[in-house]
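Asker: Just dropping this structure here.
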Amino acid sequence: MQVSTNRFYETSGSLMQKLSQQADTLNTQIASTKKFAAPSDDVVAYQRLTTIKQADADATSYGANITLAQSLLDQSDTTLGSVESQLQRASELAVSANNGTLNDGDRQAIATELQGILTSVVALANTRDARGQALFGAATGNGGVVQAADGSMTFDGSGSPASIPVADGVSIQPTEGAARVFGGIPAAGGGTTDVFATLQGMVAALQNNDTAAISSASGDVTAALSQIGAMRGSLGARSANLDLQRNQATDAASARETTRSAIEDTDVTTAITQLQKTMTVLQATQASFTKLSSLSLFDYLK
């Protein structure tokens, strides 16, 4: 079969051009460590990378939320730990105050210390977080508790604090409103009371030398301690959930990175091997073309 000169040149030129382009592409992939430089190089791969990048962006936002939620949980737990310490001291003072050997002066001294405990607990209830917001603030209101001119306490606002999204479909409430933390405590005489009313009642009982009221208030302090302890347990469970979400996010990020690398990153070793093969074929093709294109009728006549 005869091959025309034009066809020979076209075929050889096309092959060498294709090999040259392949070599250029491999060189670019090796230098950039990326398999493609523009979306048009691989539309499907680019779309998959876009999805991965969006997931990474979402994960970054969730990661920041997890850090914030953990910070608030830690601060809430630490603050309630301080409240527990204050209430434990109040319980000890209540036991001491029921000692029949104490005189009025002794009970007044205990009342003064209890007043200081009350002041401390109010301050703790109104703790601000790193954002400047009330740590135990309700959905409405600007603080934890409000103290009236007569010394009585009311809870500022109502409703649970906002939850923080930490994963798709998962939110964590990093703290509780003051009413739930410090209020709703079963009272010894029936009904419910709150920490502040309990401490105020104990101070008044000591000032009035009312041992029966002191004993009742002591029981309420014990109930308050139990409630604070249960609240800390709830916060601890949420913290454990955050750890789980963080670990799952880390695993998911690792899986996405593996997928991204497989789609986008150049396997440099394989690419270099392929480049060497391509260059060998290209050089052989160029040599063959040069030799064949130089042949003439005189070569055949020799």
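Asker: In which sequence would 166, 43, 122 go, from the one with the fewest C-beta neighbours within 10 Å to the one with the most?
Answerer: Details: 166 26, 43 10, 122 18.
The fewest-first ordering by Cβ neighbours comes to 43, 122, 166.
Asker: Cβ under 13 Å from residue 147's Cβ, residue 147 left aside: what net charge do those residues give with Lys, Arg +1 and Asp, Glu -1? Show your work: numbers first, answer last.
Answerer: Working: positive: none; negative: 150, 156, 194.
For residues surrounding residue 147, the net value is -3.
Asker: May I ask you to evaluate 6.51 cos²θ - 1.76 cosθ + 1.60, the Karplus curve with θ = phi - 60°, for each residue of region 215-230 and list the ³J(HN,Hα) values in order in whole Hz, giving x for glycine and proline?
Answerer: 5, 5, 5, 4, x, 5, 5, 4, 5, 5, 4, 5, 5, 4, x, 5
Asker: Within the set of other residues whose C-beta is less than 12 Å from the C-beta of residue 185, count the net charge using Lys and Arg as +1 and Asp and Glu as -1. Numbers along the way, then the final one.
Answerer: Working: positive: 180; negative: 194, 220.
Computed value for this residue: -1.
Asker: If you rank 257, 84 by fewest surrounding Cβ atoms within 10 Å, what's the result?
Answerer: Details: 257 13, 84 16.
Least crowded to most crowded, the residues run 257, 84.
Asker: Can you give me the distance in nm between label points at residue 215 and residue 44, each placed 7 Å from the Cα along the Cα-to-Cβ direction?
Answerer: Computed distance between label sites residue 215 and residue 44 equals 8.3 nm.
Asker: What order do you get for 150, 194 when you list them from fewest to most C-beta neighbours inside 10 Å?
Answerer: Values: 150 5, 194 24.
Ranking 150, 194 by Cβ neighbours within 10 Å, fewest first, gives 150, 194.
Only the coordinates and a few stated rules stand behind these numbers; no lab work does. Predicted, not measured: the structure shown is a model, and the values here were computed from it. Neighbour counts run over all protein chains shown; Cβ positions are idealised from the backbone, glycine included.
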